[in-house]
Structures are given as structure tokens and as C-alpha cells.
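S.K.: Mind having a look at this structure? Questions to follow.
Readers should treat all values here as calculations from the given coordinates under stated rules, not as data from a laboratory. As the structure is a computational prediction, the values presented were derived from the model and not from experiment. As a convention, Cβ positions derive from the backbone with ideal geometry for all residues, glycine included, and neighbour counts pool all protein chains shown.
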Amino acid sequence: MPRPILLQALTAAARALPLESGYRLADFLSSGHRCLFPCRRRAVGRNVAVLREGGDGGTPLVRSVFRNYGRFLFEFLRGPEVPEIPVQYERLEVLETALARGRGAVVALLHTGNWEITGARLAATGARIHAVAATQLRGAWTEELRRRQEAAGIRILPPTHRSRREMVALLARNEILALLVDGDVFRRGIVVPFCGRDVSLPAGPARLAATTGAALVPSYCLRRDDGVLEQRFLDEVRVSDRSAASVCAATRELSERLGEVLRAHPDQWMIFRDFFAQAAA
């Protein structure tokens, strides 16, 4: 399949720019994104208001969400391996301890920071990392973007039943499966409290951990003011057995851990739909 010409052109432009110049351009374009898409702007405002426990959504916070996304998109077009960007891991020993058991790790992530870069940097040390994603940016670009990510050490699986069998197999090989828990591609969810609201979160992470014996590790990436991408691993969420009650309890604990992160960093959450209005539907 020929590589998309527009994607190639945008990638070439992103790679030609020095990092700081690219960020300045991304910041400028993110203002246009925010102004030209009022539905997205209002959705982000409502999400932020929930995270702030009834606050007004905060225009500066909304602006920061769009700005962080613009920088993420610029980095995404450059490619997963961007050596100029400093990466720092916090509590990496949690993941290392989990993998030492030999049954793999399900890493539950949020749409914050840029986990593709931190994941690629981790893959460069020898870690085998896989993730699940549907269409990326545009349908015609998805195959090429997956090829780039795999070249950087992150293999992307589509959200299909066949992929689930692959997930079980790769965890049995003691590899890492990264799953975004705030996405919109999962089919079977569990309603749990999340940031003070009842929402439907995917049961897949806890169910996979229960089925395979893999560790369930919540994690998130932050974009710090000093330019560092910080990937932090939280304590493992235990899934006692395969019962529905255990899977539900683990999903609830996962939502509590990650919800605390979003309350502390509402400007980092790059979700452009009305998450709390739709998630429990």
C-alpha cells in the first residue's frame, strides 16, 4: 500500500523544524483548533468542570488541554522516537517487579502526556510493548502510523476478537500490553465511580489480568513545564480471581487511582468529547 502523501509531507515538515520552533507553531495552531471547534471546546470545559468538582471549567485550563494536544500531535507526526525530548520514569520498579513474576503486565493508561514516546524509550531497553488502537488520526494513515510505531518498538493491535487471543499469548510470553482506559473503542464496560461520576470503564484490563495472571499496573504520562515527559507507575491493582465481583472491584480501584491523577492534572487530559455525559450510557 502506498504511503499517504499528506502524512509524509506533514511528517517531513515536523521533522525539519527544531523542537522548540515546532512547539511554538503547535501552540499557535492549537489556538485555532480551540476557536474553530466550539463543540470540542465546550466538551473539554465540561470535563474539566467535573474534574474540578463543580468548578467553571476554567478557560486557562481548557486552553492548556488544547496546547498539550497540539504539542502531542506535533511529536506524533515526528515519530515515536524523538531523542531531543527528555524522559523520566518514576517508580519503574513497580513494572519491573511485576515482570519478574514472568506473567506479563497490563499497563492501564490515560490520554495524557505522550506515552508513545515514553513507551518507545522503554522499548529501546529491550522491553516488548504492545498496545491496542483503532483508527489513528485518519483511516488512510493508520497502517503507516502503526508501521512507524512498530519500528520504534510498540506493536499496535486493532480492537478485534482475534487481537484478544494475541493479547493472552503475549502476556504469556511476559510482555507488556498497554491499554488506554479512557478511550471509546471498548464494547463491554463496568459502571464504576470515576471522578465523582458513574461512568462505564472497560473491563478488559482487569479481565485480562484475571485470565492470564498478568499484573495490572496503572500508569500515566505527564508533560512537565521543564519539557520532560514523566511516566509514573502506580501500585499494582490486585485481581483476586476471575469472578465478575473481583473484576468489578479491580476496575473500581483502577478508576479511583487514575481519577486522582486527573483531578490533580486536569489540564493534561486530552479528551475532546463530553466524557462524563457519554461514558455511562
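S.K.: Could you give the length gained by full extension between E84 and R42, i.e. 0.36 nm per residue of separation minus their alpha carbon distance, to one decimal place? List each step's numbers first, then the result.
M.R.: On the way: separation 42, 0.36 × 42 = 15.12 nm, distance 3.39 nm.
Roughly 11.7 nm would be gained on extension.
S.K.: Continuing with this model, one more query. When I154, I85, I5, I190 are ordered from fewest to most other Cβ atoms inside 10 Å of their Cβ, what list results?
M.R.: Exposure proxy ranking, most exposed first: I5, I85, I190, I154.
S.K.: Still on this model: To the nearest 0.05, what FRET efficiency results for R147 and E53 with a Förster distance of 41 Å applied to their C-beta separation? Show your work: numbers first, answer last.
M.R.: On the way: r = 43 Å, r/R0 = 1.04.
Result of the calculation: an efficiency of 0.45.
S.K.: Kindly state, to the nearest 0.05, the FRET efficiency for D198 paired with S243, given R0 = 22 Å and r defined as their beta-carbon distance. Don't skip to the end; give the middle numbers.
M.R.: On the way: r = 22 Å, r/R0 = 0.98.
In this case the efficiency is close to 0.55.
S.K.: Please compute the Kirkwood hydrodynamic radius over segment 114-159, one decimal place, Å, based on all pairs of different Cα atoms.
M.R.: Details: mean 1/r = 0.0936 Å⁻¹.
Value: 10.7 Å, from the Cα pair sum.
S.K.: Which value in nm describes the separation of the simple spin-label points at V191 and A134, placed 7 Å from the Cα toward the beta carbon?
M.R.: Result: 2.2 nm between the two label points.
S.K.: What residues of segment 220-243 lie in the reach of a label at E256, counting those whose backbone N is under 15 Å from a point 7 Å from the Cα along Cα→Cβ?
M.R.: 235-240
S.K.: Show me the helices of the chain, taken as full DSSP H stretches, that run 15 Å or more along their long axis by Cα and average -0.5 or above in Kyte-Doolittle hydropathy. Can you show the working numbers first?
M.R.: Working: long enough: 5-16 (16 Å, 1.35); 19-36 (25 Å, -0.08); 38-51 (20 Å, -0.07); 59-78 (29 Å, 0.06); 161-172 (17 Å, -0.31); 244-264 (30 Å, 0.22).
TM-like helix candidates: 5-16, 19-36, 38-51, 59-78, 161-172, 244-264.
S.K.: So for the pair A100, A13, with labels modelled 7 Å out along Cα→Cβ, what separation do we get in nm?
M.R.: About 4.9 nm separates the two model spin labels.
S.K.: Fully extended, how many nm does the chain gain between F28 and T211 (0.36 nm per residue separation, minus their Cα-Cα distance)? The partial results should precede the final answer.
M.R.: Numbers: separation 183, 0.36 × 183 = 65.88 nm, distance 4.66 nm.
Between F28 and T211, full extension yields an extra 61.2 nm.
S.K.: So what's the back-of-envelope 222 nm ellipticity for the chain, counting only DSSP H runs of four-plus at -39500 (n - 2.57) apiece and dividing by all residues, rounded to 500? All intermediate terms of the calculation are to be shown ahead of the outcome.
M.R.: On the way: 11 runs with 138 residues, N = 281.
It lands at -15500 deg cm²/dmol.
S.K.: Between R173 and R91, what FRET efficiency comes out of the Förster formula 1/(1 + (r/R0)^6) with R0 = 35 Å and r the beta carbon distance, rounded to 0.05? The partial results should precede the final answer.
M.R.: Details: r = 24 Å, r/R0 = 0.69.
Once the sixth-power term is evaluated, E becomes 0.90.
S.K.: Under a Cβ-Cβ cut-off of 12 Å, what is the net charge of the residues other than A105 that fall near it, where Lys and Arg count +1 and Asp and Glu count -1? Don't skip to the end; give the middle numbers.
M.R.: Values: positive: R101, R103, R128, R173; negative: E96, E175, E236.
Taking every other residue near A105 into account, the sum is +1.
S.K.: A follow-up question, please. How large is the charge dipole for segment 69-195, taken about the Cα centre, if only the Cβ atoms of Lys, Arg (+1) and Asp, Glu (-1) carry charge, to the nearest 20 debye?
M.R.: On the way: 18 positive and 14 negative charges, 109 e Å.
Rounded to the nearest 20 debye, it is 520 debye.
S.K.: Mean-square fluctuation check for the chain, GNM, Cα pairs under 10 Å: which of G32, G204, G153 is largest?
M.R.: Largest GNM mean-square fluctuation: G32.
S.K.: Just want the answer: with Cβ charges of +1 for Lys and Arg and -1 for Asp and Glu, which residue in V199, W141, A151 is farthest toward the dipole's positive end in the chain?
M.R.: Farthest towards the positive pole: W141.
S.K.: In addition: Counting Lys and Arg as +1 and Asp and Glu as -1, each charge on the Cβ, what is the dipole of segment 5-274 about the Cα centre in debye, to the nearest 20? Intermediate results must be reported in sequence, preceding the final value.
M.R.: Numbers: 39 positive and 30 negative charges, 162 e Å.
Magnitude of the dipole: close to 780 debye.
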